[in-house]
Amino acid sequence: MALLTITDDFAPWGGDWWSWSVWGDENFIYIGTYKYVTVYSLSSIGKLTEISYLWIGDYVNGITGNNGYIYVANDASGLKTYSVSELGILTPIDSHNPGGSMFKVWSDNGVSTQYLYTATGNETLHKYSVLNGILTHISEYDIDNYLCTGVWGYGAYVYRTGQSAASISLWIHNANDLSIADTVTVTGGIIGDDVWGNSVGNVVIFANNTAGIKSFSISSGILTFKSSHNPNRDPANYDDTCHRVHGNDNNVFVAGYEGGVHAYSLTNAMLTFVESHNDMSETYGIWNNDNFVISVGKDRIVVYKITSSSSYPKINYFNRIQPFILN
């Protein structure tokens, strides 16, 4: 059961800079803002130290990365790739703009061939291969009249969230050719905002905007509903929503706009609500490892330490790889 304690809380750029997205690896934390990506180190006690920043020129809606590169989904300028030096310095490598607002990017972290999948506002799921930061657009899959907002995958399947005027859906695509393996249509809410799954790919969490979050088990590409919870104080209020979701095998964390950060325990694909923290005016993005949760939003960046009564062994990444900090 996750219990969150604040370890860092600050207003970057004088409190005037909105932070939209966050992602981290074993060395650095990357926070996407209004037209910038800022690189931080994260200490073993949960303190962020700014290392560098780079002008992107567009809203940074999503970030992921692998093997010394990050991949940035931008609101109007598509997908951009950057190398990351051992000092935390970003260098532009490549870009591709398929059209439409790009809301999120996910990497399959392949060893021999790596693939990226992006969710765009023009109803399209895109697939790329990437080698040393160089992008090759492979294919796309359109679903008419469905806004594509979130993407995540595991193994042979890619999961995509979306909405139309009439319904909200979670799709499973075959990762190879993007054909649809299964679809779940849900009721309530106004946007299927985001999707995330556990480390072995048998549980998926669906952030369903004003209708809360839902958990599904997965077997052979088939989704089975398991549980749901709506933490929103006012389900009729668009600004009090379940927007982005991230977690680990025991816990799930949700960025809830004006609702703050919501924490859940996760057992056998079942969600149990634990607590909420409303420490900034609007929370847009969230990311975690096994030790800390980082939430970003309109006026603040907040880091929480995860404590747990669970016997599940925690991996302390910061005892294995120390982040590089510039003085």
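Quick note: the coordinates plus some simple rules give every number you see, no bench work behind them. The structure presented is a predicted model; accordingly, all values stated were derived computationally and were not measured. In this analysis, Cβ positions are derived from the backbone assuming ideal geometry, glycine residues included, and neighbour counts consider all displayed protein chains.
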- Item | Label-point gap, in nm, between ILE89 and THR267 - each point 7 angstrom along Cα→Cβ | 5.0
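For ARG244, ARG300, which order do you get if you count the other beta carbons within 10 Å of each Cβ and list the fewest first?
On the way: ARG244 29, ARG300 18.
Ranking ARG244, ARG300 by Cβ neighbours within 10 Å, fewest first, gives ARG300, ARG244.
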- Message: Please list, by residue number, every one of the chymotrypsin sites (Phe, Trp or Tyr not before Pro) in segment 200-297 that is coil in DSSP and has at most 15 other beta-carbon atoms within 10 Å.
- Response: TYR238
- Task: Would you order ILE205, ILE222, ILE51, ILE213 from fewest to most other beta-carbon atoms within 10 Å of each residue's own beta-carbon?
- Result: ILE222, ILE51, ILE213, ILE205
- At THR5 and LEU54, where each label point lies 7 Å from the Cα along Cα→Cβ, what is the point-to-point distance in nanometres? 3.6
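Taking the radius of gyration and the Kirkwood hydrodynamic radius from Cα positions alone, what is the Rg/Rh ratio for segment 1-131, to two decimal places? Could you put the intermediate results ahead of the total?
Numbers: Rg = 15.0 Å, Rh = 15.3 Å.
That ratio equals 0.98.
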- So what's the convex hull volume per residue for the Cα atoms of segment 2-320, in Å³? 121
- How do MET270, MET280, MET102 line up, fewest other C-beta atoms within 10 Å first? MET270, MET280, MET102
- Can you work out ³J(HN,Hα) from phi for every residue in segment 206-218, in order, using Karplus 6.51 cos²θ - 1.76 cosθ + 1.60 and θ = phi - 60°, giving whole Hz and x for Gly and Pro? 10, 7, 10, 6, 6, 9, x, 10, 9, 10, 9, 8, 10
- In debye to the nearest 20, the charge dipole size for segment 1-157, taken about the Cα centre with +1 at each Lys and Arg Cβ and -1 at each Asp and Glu Cβ, equals 120
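When Lys and Arg each count +1 and Asp and Glu each count -1, what net charge do the other residues less than 13 Å away from ILE205, Cβ to Cβ, add up to? Provide the component values of the computation, followed by the final result.
Values: positive: LYS214, LYS226, ARG244; negative: ASP193, ASP194, ASP249.
Its environment carries a net charge of 0.
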